[in-house]
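Asker: Just dropping this structure here.
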Amino acid sequence: MSLIPSIFGGRRTNVFDPFSLDVWDPFQGFLTPSGLANAPGKDVAAFTNAKVDWRETPEAHVFKADLPGLKKEEVKVEVEDGNILQISGERSSENEEKSDKWHRVERSSGKFMRRFRLPENAKMEEVKASMENGVLSVTVPKVPEKKPEVKSIDISG
């Protein structure tokens, strides 16, 4: 049961709702980009927790991002300054109907952006991306390592 009614913090909870276990946090949004009115990253802070795995194989750098509920049209993969991979997008909030009674809102909405500086061995002009079941996969091939050239010398004598 909520300890403080929804007028504090703007949550859609009810003091008498047995399914709401929210406890009012007096510091929620305090000195964070979403809590500051004119903060430069205010609109991006809503969903910055898009989880991304970065793995390096002998052939490529592979990124996997969990973006449940997003379509590929709502996600952008870009290359900046030659070696920065940027993954961004936006999840729209649900339409609220006046007759709806919300018990809990936990899914985040808003813009998100993740940036990764890649090493010099990345072929940024050959980046490939695909999306399946809410998982974005980005593959950045690597420049093959140059093997030292070994030349055999015949020994005379």
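Asker: Find the accessible area per residue for segment 90-157; the probe is 1.4 Å, ligands and nucleic acids are left out, and the unit is Å².
Answerer: 89
Asker: Give the carbon-plus-sulfur fraction of the accessible surface of segment 62-147 in %, rounded to a whole number; probe 1.4 Å, heavy atoms of protein chains only. If you can, show how the numbers build up before the last one.
Answerer: Working: 2710 of 6180 Å².
The computed percentage sits at 44.
Asker: For Lys76, which lysines qualify as cross-link partners when the Cα separation must be under 17 Å and same-chain residues fewer than eight apart are set aside?
Answerer: Lys51, Lys64, Lys111, Lys128
Asker: Give the residue list of trypsin sites (Lys or Arg not before Pro) in segment 86-155 that are DSSP loop and have at most 15 other beta-carbon atoms within 10 angstrom. Let's see the in-between values first.
Answerer: Working: sites: Arg91, Lys98, Lys101, Arg104, Arg107, Lys111, Arg114, Arg115, Arg117, Lys123, Lys128, Lys142, Lys146, Lys151; in loops: Lys98, Lys101, Arg104, Arg107, Lys123, Lys146, Lys151.
Hits after loop and neighbour filter: Lys98, Lys101, Arg104, Arg107, Lys123, Lys146, Lys151.
Asker: Same structure again: Can you compute 3J(HN,Hα) from phi for each residue in segment 85-96, using the Karplus curve 6.51 cos²θ - 1.76 cosθ + 1.60 with θ = phi - 60°, rounded to whole Hz and x for Gly and Pro?
Answerer: Taking θ as phi minus 60°, the curve returns 8, 10, 10, 9, x, 8, 9, 6, 7, 6, 6, 9 Hz for segment 85-96.
Asker: Here is a follow-up. Rg(Cα) of segment 83-130 divided by 2.2 N^0.38 Å? Write out the running numbers ahead of the final one.
Answerer: Working: Rg = 18.1 Å, N = 48, 2.2 N^0.38 = 9.6 Å.
In units of the globular-protein estimate, segment 83-130 measures up at 1.89.
The values are calculated or read from the model by the stated rules, or taken from the named source; none is laboratory data. Everything quoted here is computed from the prediction, not taken from an experiment. Cβ: placed from backbone, ideal geometry, glycine included. Neighbour counts: every protein chain shown. Accessible surface is based on the protein model in full, side chains and every heavy atom, while ligands, DNA and RNA are left aside. Shrake-Rupley method; radii C 1.70, N 1.55, O 1.52, S 1.80 Å.
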